[in-house]
Structure formats: structure tokens, C-alpha cells
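*Asks:* Below you will find the structure I want to go over with you.
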Amino acid sequence: MNKQHTKPAEGGHSALGRLGSWVSGPLSRWITVLVWIALIGVLTLLWPSVSKEENDAAKNLPATEPSAVAEQLAAREFPGEDGIPALVVWNREKGLTEADIGAIRQITSALTDKPLPGQLSVAPYHKLPLPALQASLSKDGSTLVMPVLFQNGLASDQLKEGLEQLTATVKTVLPDDPFAAASRSPEALNARVTGPAGISVDATGLFKDADVSLLIATVVLVLVLLLLIYRSPVLALIPIVAVGFAYGLVSPILGKLAHEGVIVVDSQAISIMTVLLFGAGTDYCLFLVARYRSYLMVEADKRKALLQAVKGSAGAIAMSGLTVVLSLFSLLLTRYGAYHRFAVPFGLSILIMGLASLTLVPALLAILGRASFFPVIPRTEQMNRERAARKGKPFRERRSGRMGRTIGSLVTGKPVAVTLLSLVLLGSLAAFAPGIRVTYDLLSSFPGDMPSREGFATLGDKFNPGSLAPVQVMVDSEGKAADVKQALAALPYTAKVSDPKEGKEHPAIQAYELELSTNPYSREAMGHIPDIRAAAEKALAKAGVTDADGKVWIGGQTAVQYDNEQVTNRDMRVVMPVVIGLIALLLLVYLRSITATLYLILTVLLSFFSALGLGWIILHYGFGADAIQGAIPLYTFVFLVALGEDYNIFMVSSIWQKARRGVPLRQAVREGVRETGSVITSAGIILAGTFAVLTNLPIQVLLQFGLITALGVLLDTFLVRPFLVPALTVLFGRFAFWPDKAWKRVKTEEAGSHRTIEG
């Protein structure tokens, strides 16, 4: 065999080799740990933590979107009427009594005399005669809605303060707390706050309550899985410590960036960032730990073993981390605020975690040595023989990787059958993806017993559901007699249209409130927005208004959700090709093979669509969900494509190293599958487990994201990586390396080693 081509694929990573030599040195290992501690200590003292800079009131839509422009116009032309409504739904199923109505009137009087923090107005029920107020009750006399309007731009915490003060005011009037009474109680007076203000406060509360439970569950899960897999309490703690160090550095950096206005962070992004750090961070640690363990079994000198492990895995870890970092930073190209706010926290956290895996973790392993694996300490064969002799016991050679050898033999022996079966299975699951329905209804993602959702349910049953969030239609009639109200009322889904109100600065601008006959948060309602706009424009044009299409503005929650969908669709069209392009470029540079780059990209895309399809099967056919949240496809795409390619890189880099050293291709595949099988399986289980933790949260968008991402990771771990990718590599043969010059060498090796390969 030609010996001049023995250079491994990662042999050129001299910088990473020098880094490994530094962090594993007798003195420099301690310096490395101290530098990390010093950095975290200094930045924590100088800069604020990210938790202190969270902004859950940040806008999701750009100011140029139609509903955002309408909001700005409403604030200017109709001040005092444009705000964040809180709808207090009062209910007694047997019917509200005169005493109940009297108490509600006292409450509105108290709120008028002493407004809540941020309050703009409250319905003046205390000024209405009793018969007029009774006429506002539901048809069965059981329910009354009391609107309270808060200032635009208030953060969720500020709204919460206002609603807490509302509860305190109610308690001064009523002997029993109606907010604590069971919803729709037949006997007791009960109240629930719904509408945009109530929904915002409840949503933020769910995320904040989830933070602590999410962190505890993630840490416990990772520890338990590491203990089960490696049976070493010391080793189980190393990734946890590394993640803790990484978070300690990420937090003040993000806090500083947010404090200076460079980025905006919210609680949801930080919650998911924590999960990502534990999942991906543990993976990177395991890539190094597994390589270190294998070298300790053939190298007596623990420092040499660690140096070889760093040199052998650093390239794959750096490449994997860079793939994820660039994919996550591609979210900076999005226009939807929630996606854009994820980019820097996610990308920066993985970048720092990658640095920790290449510096801090090797330093910790250098300090602990073989004791890292206590009590199952890896030793060389000679060390085990000597140990057995000292104990007077016979030496028994242990062979590991039996499952990896079996799978490796299968994919190299029957690559066509393995490929076809894998494609059929993944393709069958992916076939369900086109049938997925999405929703932008925020309310439907909340638990059924959440106060704002209970209030909305009562409101929908007792009144027209469209009254919860009316569509605001504003037009510039140019002073002409345009019958916009008639045009809007004629629409089949219109329940009610208000009389027009004139603008403060421009009286020709008129505003109408249109109540839909359906749930204003539903996808059906969103679909009516273009028709509502068209009807108003037609009425203006009929009255002789010039350029009518530029003189209609539509606001309200339904219009916001419609714009959310339009912006999300645009973001997916931009981000998905960019992520694919970036990963393809990195793979091409790393592997120097167009063929391998193409089939690795295609396999991870197939895995993504398969995960979507399987997730839809479980959510829709298993749990009866009508739709998934609209953000799920983009979120899961970025995570699954980037993280899925991680495992491909780690395994394929092992195969590439062996093939370039002259090992026959099929043998290189068998050995690559065997050597990387256990670590990738362990890493995949842990990563899937961390995302699966999200399924325990009472928020549908996080549950769906966690489920589909976990399923995708498992498909990558147990099907794509061990079966499909190795089988395709065998089928392509030497062409898997094309156009790298190694493809010609592999051909020569296969031709000269035919018996070995087939045998």
C-alpha cells in the first residue's frame, strides 16, 4: 500500500494541535482553568447578567409592516382609544344579581378616581343607569365585560403590576375574591382577565415559571444519562461544570450587549438557550471524552493520550461548532423579532461552549487524568495484565463496540438494502410533512385552565367571540362620502361594525371597529384581512378617492397575526437556503468533496422533513392537535439541520482520516461506525433528552418544538448516522471523495484490496 499518503484528515490542524498541547501541560492546564475563572469573575462584576436585561415587551413586527403602521396612525389620530385592552369578564352562571352589578359599578368608580398604573381608561359603568348597564349583559344575564385600557408600550411586568392592583381594588369592594372562584361557577361571582393585556401577563408568567423547572429538569436529566452511560460520577460532572462555566461567561456578555442596545433578549430565548447549552455542550464534551477514553486504552501516558485525543477530535468539534454557530447567526437575517432575538444568544452560547470544549474540558481532563472515569477506569492491555497479576486473578480481554461492529458490517455488506430501507422509512414519515397545518393563535398554545383562556372561553360562549379583539379599519376618505361601514357590514363574517370616528389631526381619517363572527385569533380570521382591506379600498374608490389602495390601514390582533404569518414566510424563504448554503460551504472546505457534501446535506434535509412528519403524526393523530404553531418549522429547521450535521461531521471525519491513511474504504467505514457509534449514540440520547424536557412545559409552542427537535435528533442518531450515511458512502465508493485527489487513491486501494474489502 502506498505509504506516502498517511497524513490523517485532521493532521493539518496544527493550531488546534498546539492548543491541545498547551491546555494539557503540567502548569498550563491550571492556568487555563484560572483564566476561565478570572474571565467569568471580572465580567460578572463589571457587566450585568442577561437575566437583568430581559425585555419581554419587545415588538416582533418591524415598524414598516401594515399592522404596525396602523398602530402608529391610531396612536396619533385616536389618542386615548389606542392601547392595550384588559377585558374583565364577570360571570355568575345563575345570573348576575343587582348586588353584583352594584359592586362592579363601585369598582369602575374606584378605578376612575384612582387609576391603575399605566391605565388610560375604564368603562364608566358607574355613570350608567342600572337598566342601561343590564342591557349590556349577555343574553342569559350571566356575564358582563368590563374593559380597562392600558397605555401602549407597557412591558408585561408593568401590565402585571396594573392587574395586581386591579385585584387589590376588587378585594376592597367584594368580600370574596372573584378571581379565585371557579370559572363559570353557578353560585359564586367569578372574574377572569382576558384580552391582550391578560394574555400577555399570563404568557410571560408561564415562561418565567418554566425557567427554574426547565433548568432543574435539564441538569438532572443530563446527570442521570451520563451516569447510566459512563457509570462515572466524576465524568458526569465534567460536562455540567463546562456548561456552567460557558453560561457564566455568556451571561454577562449578553447582558452587556443588551444593556448597550446592541441586541434585545427575552426570557423565552434565554430559556431555550439554556437547553441548547446543556444539549450541544454535553455533545462536544463527549466527542473529546470518548476519544480520550479510547486512547487511554492503548497509551499508558495519560498526557500523550489526551494530546492525541485533542488532535483527533478538535477539528471535528471546531467544525461542528462552527456549523451550528453560523446556522444560528443566520437568524439575524430574519425580520420577525422573536427569531431575530434568538440569533445572538444562541450563536454566542454555542461559540463559547465550543471554546470551553477545546480548552476548559481538556484542562480538567488533564488535571484529573484516568480518575475522570472512576470507578470504570480505562487502562492499556499491559496495565490490565499487571493489575490482574497483582490481584492474583486471570486476565480477561474485554472487547467493546460489538453493536458498532455489527452495524458496520451490515452497512458495508448490504449497502443497497440498507439505503433503500432507510429511504423508505424516512420518506414515509416525510410524506406527512406537506399536510401539516400551522396556526398563529397564541391563545391556543396556553393551558386550558389559564385565567385569560378561561375568560376568553366565557366571552366566546356568552358574547360574540370577535368582541375580544376587534379589527380596526382606518381609511382616509379625503372628506368624500364613502360608505365604508356598509361595505364592511356586508362581509359574510362581520358580526358588527361601529360608527366611524374622526381623526384628531386629520378629520378625513376615519376609524371603524369591526367585530368578526369567529375567533379573532384563528387562522380563519387571519384569512379575512385581505378581503377586509379590499372591501374598504373598493368603497373609497367608488366614492372617488384617489389611490385608494394606499389609504386603508388595518390594525388589531388579527391583522398583527396576519402580518406575523407573512413575515415568517418571508424569513423561511431567506434563512433556509442560507443555512443550507453555509453548511454546504463548510462541508466542502472541510471534506473537499462535492459528492459527500451533497449527500450529507440531502440526508439531513430528509431527516428534518421526517421529524416534521413524525411530529405531526404524534401531535395531530395521537393528541388531536389541529395545527402546530407557525414558528415551529423555522425553529426546528435551523436546529435539526445544524445539529444533525454535527453527527455526520464527527463520523465522516473518522472515515475520511482512515481512508486517506490508506485503509480500504469499506474497512474505514466499518471502523468509523464502530469507533463513533457509542459516543454519537450517547450524545444523541442526551441531546434529544434535553429537548424532550421542553415537552413537560405547559406551553404548546415549546412542547411542539421540543418534541419535533427531539424526534429529529433521534432519527439522526439511530437511522441517518449509523445506517444511511455509511451505506451511501460505500455505494459511492471512491466517488464519495470527488473531486479531492484522494478519490483516485481510494480507487487504487479498492482495486488492490478487493479480497480484503469483500472478505
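The values are calculated or read from the model by the stated rules, or taken from the named source; none is laboratory data. Keep in mind that this is a model prediction, so the values were computed, not measured. Virtual Cβ from ideal backbone geometry, glycine too; neighbours counted across all protein chains shown. Note: areas computed on protein heavy atoms with side chains; ligands, DNA, RNA excluded. Shrake-Rupley method; radii C 1.70, N 1.55, O 1.52, S 1.80 Å.
*Asks:* Working only within the range 487-509, note down all residues that are under 18 Å from Ser467 (Cα atoms) and open to solvent by less than 40 Å² (accessible area, probe 1.4 Å).
*Replies:* The answer is Leu488, Leu491, Tyr493, Thr494, Val497, Ser498.
*Asks:* Could I ask something else about it? For the range 582-594, name all the residues that are in a helix (DSSP H, G or I) and either crowded, with 20+ Cβ neighbours inside 10 Å or modelled with pLDDT of 95 or more (or both).
*Replies:* Matches in the range 582-594: Ile583, Leu587, Tyr590, Leu591.
For every residue, the table says whether it meets (1) open to solvent by 30 Å² or more (accessible area, probe 1.4 Å); (2) touching a Lys or Arg at 6+ places or on another chain (Cβ under 9 Å); (3) closer than 14 Å to Leu491 by Cβ; (4) of a type outside the set (A, V, I, L, M).
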| position | (1), (2), (3), (4) |
| --- | --- |
| Ala511 | no, yes, no, no |
| Ile529 | no, no, yes, no |
| Thr546 | yes, no, no, yes |
| Gly555 | no, no, no, yes |
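*Asks:* Taking the conditions exactly as written (touching a Phe, Trp or Tyr at 6+ places or on another chain (Cβ under 8 Å), among the aromatic types (Phe, Trp, Tyr) and assigned to a helix (DSSP H, G or I)), does Phe287 satisfy them or not?
*Replies:* Against the criterion (touching a Phe, Trp or Tyr at 6+ places or on another chain (Cβ under 8 Å), among the aromatic types (Phe, Trp, Tyr) and assigned to a helix (DSSP H, G or I)), Phe287 qualifies.
*Asks:* Taking the conditions exactly as written (small (Gly, Ala, Ser) and open to solvent by 60 Å² or more (accessible area, probe 1.4 Å)), does Ala457 satisfy them or not?
*Replies:* No: the conditions fail for Ala457.
*Asks:* Which of the residues spanning the range 95-135 are of a type in the set (S, T, N, Q), out of contact with any helix residue (DSSP H, G or I) (no Cβ under 8 Å at 6 or more places or on another chain) and open to solvent by less than 50 Å² (accessible area, probe 1.4 Å)?
*Replies:* Ser121
*Asks:* Still on this structure, I have one more. Would you check which residues across the range 375-407 are modelled with pLDDT of 75 or more, part of a loop (DSSP other than H, G, I, E, B) and hydroxyl-bearing (Ser, Thr, Tyr) and list them?
*Replies:* Result: Thr380, single match.
*Asks:* State which residue is nearest to Asp56 (Cα to Cα) when the search covers only the range 170-191 and only residues that are outside any loop (DSSP other than H, G, I, E, B) and open to solvent by 20 Å² or more (accessible area, probe 1.4 Å).
*Replies:* Only one residue tops the list, namely Lys171.
*Asks:* Right, next: Quick one: which strands (runs of 3 or more DSSP E) sit completely within the range 439-548 and have at least 1 residues that are in contact (Cβ under 8 Å) with a residue 24 or more places away in the chain and in contact with a Pro (Cβ under 8 Å, 6 or more places away or on another chain)?
*Replies:* The strands (runs of 3 or more DSSP E) meeting that bar are 471-476, 509-516.
*Asks:* Looking at Gly162, Gly141, Gly95, Gly153, can you tell me which residue is outside any helix (DSSP H, G or I) and closer than 28 Å to Ser267 by Cβ?
*Replies:* The unique qualifying residue is Gly153.
*Asks:* Still on this structure: Could you please let me know if Gly677 is outside any loop (DSSP other than H, G, I, E, B), over 24 Å from Ile436 (Cα atoms) and touching a Ser or Thr at 6+ places or on another chain (Cβ under 6 Å)?
*Replies:* no
*Asks:* Kindly list the number of the only condition in (1) open to solvent by 70 Å² or more (accessible area, probe 1.4 Å); (2) touching a residue at least 60 places away in the same chain (Cβ under 8 Å) that fails for Ala366.
*Replies:* (1)
*Asks:* Another question, if that's okay. Restricting the search to the range 24-37, which residues are in contact (Cβ under 8 Å) with a residue 24 or more places away in the chain, closer than 16 Å to Phe245 by Cα and surrounded by 14 or more Cβ atoms within 10 Å (Cβ to Cβ)?
*Replies:* Residues satisfying the conditions are Arg29, Thr32, Val33, Trp36.
Results for (1) more than 20 Å from Asn55 (Cα to Cα); (2) open to solvent by 20 Å² or more (accessible area, probe 1.4 Å); (3) within 21 Å of the chain's Cα centre (by Cα); (4) not hydrophobic (A, V, I, L, M, F, W, C), shown as yes or no for each residue.
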{"residue": "Ser251", "(1), (2), (3), (4)": "no, no, yes, yes"}
{"residue": "Ser271", "(1), (2), (3), (4)": "no, no, yes, yes"}
{"residue": "Leu286", "(1), (2), (3), (4)": "yes, no, no, no"}
{"residue": "Tyr295", "(1), (2), (3), (4)": "yes, yes, no, yes"}
{"residue": "Glu299", "(1), (2), (3), (4)": "yes, yes, no, yes"}
{"residue": "Ala318", "(1), (2), (3), (4)": "yes, yes, no, no"}
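*Asks:* Please determine whether any residue of the range 635-658 is more than 30 Å from Asp202 (Cβ to Cβ), acidic (Asp, Glu), open to solvent by 20 Å² or more (accessible area, probe 1.4 Å) and modelled with pLDDT under 85.
*Replies:* Taking every residue of the range 635-658 in turn, none turns out to be more than 30 Å from Asp202 (Cβ to Cβ), acidic (Asp, Glu), open to solvent by 20 Å² or more (accessible area, probe 1.4 Å) and modelled with pLDDT under 85.
*Asks:* Taking Phe432 and the conditions (1) open to solvent by less than 50 Å² (accessible area, probe 1.4 Å); (2) of a type in the set (Phe, Trp, Tyr); (3) over 30 Å from Phe179 (Cβ atoms), which numbered condition does it fall short on, given that it satisfies the others?
*Replies:* Here Phe432 clears every test but (1).
*Asks:* Oh, and also: Tell me yes or no: at least one residue of the range 375-384 is buried (at least 19 other Cβ atoms within 10 Å of the Cβ), touching a residue at least 60 places away in the same chain (Cβ under 8 Å) and polar (S, T, N, Q).
*Replies:* no
*Asks:* Here is a further query. So which of Gly672, Gly712 is modelled with pLDDT of 85 or more, under 27 Å from Met273 (Cα atoms) and small (Gly, Ala, Ser)?
*Replies:* The match here is Gly712.
*Asks:* Being farther than 16 Å from Val241 by Cβ and touching a residue at least 40 places away in the same chain (Cβ under 8 Å) is the filter here; which residues of the range 214-224 pass it?
*Replies:* Leu214, Ala217, Leu221
*Asks:* Can you say whether Leu423 is assigned to a helix (DSSP H, G or I) and surrounded by fewer than 21 Cβ atoms within 10 Å (Cβ to Cβ), as far as the supplied structure shows?
*Replies:* Working: assigned to a helix (DSSP H, G or I): yes; surrounded by fewer than 21 Cβ atoms within 10 Å (Cβ to Cβ): yes.
Yes, satisfied.
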